[in-house]
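The values are calculated or read from the model by the stated rules, or taken from the named source; none is laboratory data. On a predicted model such as this, the values are computed, not experimentally measured, just so you know. We place every Cβ from the backbone using ideal geometry, glycine too, and count neighbours over all the protein chains shown.
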Amino acid sequence: MKTILITGGAGFIGSHVVRLFVNKYPDYKIVNLDKLTYAGNLENIRDIESKSNYEFVKGDIVDSAFVSDLFKKYGFQGVIHLAAESHVDRSISNPTEFIYTNIIGTVNLLNAARAEWTEKPGDNLFYHISTDEVYGSLGEEGLFTEESPYDPRSPYSASKASSDHLVRAWYHTFKLPVVISNCSNNYGPNQFPEKLIPLAINNIKNMKAVPVYGKGENIRDWLFVEDHAKAIDEIFHRGKTGETYNIGGINEWKNIDLIQLLCKIMDDKLSRSAGTSASLITYVKDRAGHDLRYAIDSSKLQADLNWAPSLQFEEGLAKTVEWYLRNEVWMNNVMTGDYEKYYDKQYVKR
């Protein structure tokens, strides 16, 4: 039985990856390591917790001794590294936490994998999942490719850029078998409601203001989380060691256009009069260093591994809305005091 470590597997993207691997590969032992911060939630993977090929471990990747002992105990042949602090706003208010988790935590995993695989060489792989934000900001035209120069603009993206470089350094210097992917903005079920889409869904449902930074002109490429998990599966099993793959939804939207579409879907799902939800849109002070546009060229992934996004955005967004409306208990459970205080502090009306 091949034993795979998935870090951050109780989080948004990680929970979808864990579920896919546990269900699709019964001959794998999947160990889910998560610190269970505000964004980690075991409810996200309650449906697979009793599976015989699954085990959850609570722990912090910043603790190097803990990480080393974990590798010695389980003898992992593969690592899918998703654990990260990921919210740009939080990185602006508390950058140090991002440095520890995203940089030191990654180094601890690299060192533990190197020690284990030097002693027990074989068919091993360290797969590091990153973000398109490491590339900086695009103008009105062009796409990020795997060759785009790094130009991070926030503490979050700088910490992820650093971890990307460290993973490549361990590949070139220590011959550690690695692969990296950089993805665009994810959306879908189980996303913590500090992020744009679930935040807007929850606020619209409760007739609260829907905050939009600046004039809402920032553009993002949106990727349905289940499509991302399938891409991770393909890269882990068929990607070329040492390579980087960009994962994008081929799906650019201005923030304000996305919110207006979401408002129309919510009016329909909640049987409200047209324009009710849109009346809640509130423009707020723009984020410091807010990148104008991200857009991913995923043609390498499509050509080499035959992957492509499966959903049109309107369909994926409708499915996402339906999930949140069906799962009010989940939403209520994650709406902690930490979240409420953070929300009140961050979104100051302009």
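Quick check on Lys29: is it of a type in the set (Lys, Arg), out of contact with any His (no Cβ under 6 Å at 6 or more places or on another chain), closer than 26 Å to Lys175 by Cβ and part of a helix (DSSP H, G or I)?
On the way: of a type in the set (Lys, Arg): yes; out of contact with any His (no Cβ under 6 Å at 6 or more places or on another chain): yes; closer than 26 Å to Lys175 by Cβ: yes; part of a helix (DSSP H, G or I): no.
No; evaluated as a whole, the condition is false for this residue.
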Discussion item. Based on this model, can you work out whether Leu317 counts as within 18 Å of the chain's Cα centre (by Cα), at pLDDT 95 or above and assigned by TED's automatic domain parsing to the domain that holds Lys215?
Written reply: yes
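So, of the residues in region 112-143 that are of a type in the set (D, E, K, R) and over 30 Å from Ala65 (Cβ atoms), which turns out to be modelled with the lowest pLDDT?
Filtering region 112-143 down to residues of a type in the set (D, E, K, R) leaves 114, 116, 119-120, 123, 132-133, 140-141.
Among the residues that remain, those that are also over 30 Å from Ala65 (Cβ atoms) are: 132-133, 140-141.
Working: Asp132: 93, Glu133: 93, Glu140: 80, Glu141: 84.
Top of the filtered list is Glu140.
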Practice prompt. Would you mind finding the one in Lys230, Lys208 that is assigned to a helix (DSSP H, G or I) and either among the basic types (Lys, Arg) or without any contact (Cβ under 8 Å) to a residue 24 or more places away in the chain (or both)?
Written response: Lys230
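Restricting to region 64-101, what's the tally of residues that are among the polar types (S, T, N, Q) and closer than 25 Å to Asp233 by Cα? Step through it out loud before you land on a result.
So in region 64-101, the residues among the polar types (S, T, N, Q) come out as 64, 68, 77, 86, 91, 93-94, 96, 101.
Filter once more, so that each one left must be closer than 25 Å to Asp233 by Cα: 77, 86, 101.
Residues in region 64-101 being among the polar types (S, T, N, Q) and closer than 25 Å to Asp233 by Cα: 3 in total.
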Worksheet item: Listed residues Asp267, Asp257; which is touching a Ser or Thr at 6+ places or on another chain (Cβ under 6 Å), in the same structural domain as Glu322 (by TED's automatic domain parsing) and without any contact (Cβ under 8 Å) to a residue 60 or more places away in the chain?
Response: Asp267
Practice prompt. Answer with yes or no whether Asn202 is buried (at least 20 other Cβ atoms within 10 Å of the Cβ) and either touching a residue at least 24 places away in the same chain (Cβ under 8 Å) or within 27 Å of Leu305 (Cβ to Cβ) (or both).
Written response: no
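Out of Leu5, Leu36, report the one residue that is within 18 Å of Gly105 (Cβ to Cβ) and assigned to a loop (DSSP other than H, G, I, E, B).
Values: Leu5 fails: assigned to a loop (DSSP other than H, G, I, E, B).
Only one candidate passes the filter, namely Leu36.
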Practice prompt. Check Thr145 against each of (1) surrounded by fewer than 20 Cβ atoms within 10 Å (Cβ to Cβ); (2) of a type in the set (Val, Ile, Thr); (3) under 30 Å from Tyr74 (Cβ atoms); (4) touching a residue at least 40 places away in the same chain (Cβ under 8 Å) and name the one condition it does not meet.
Written response: (3)
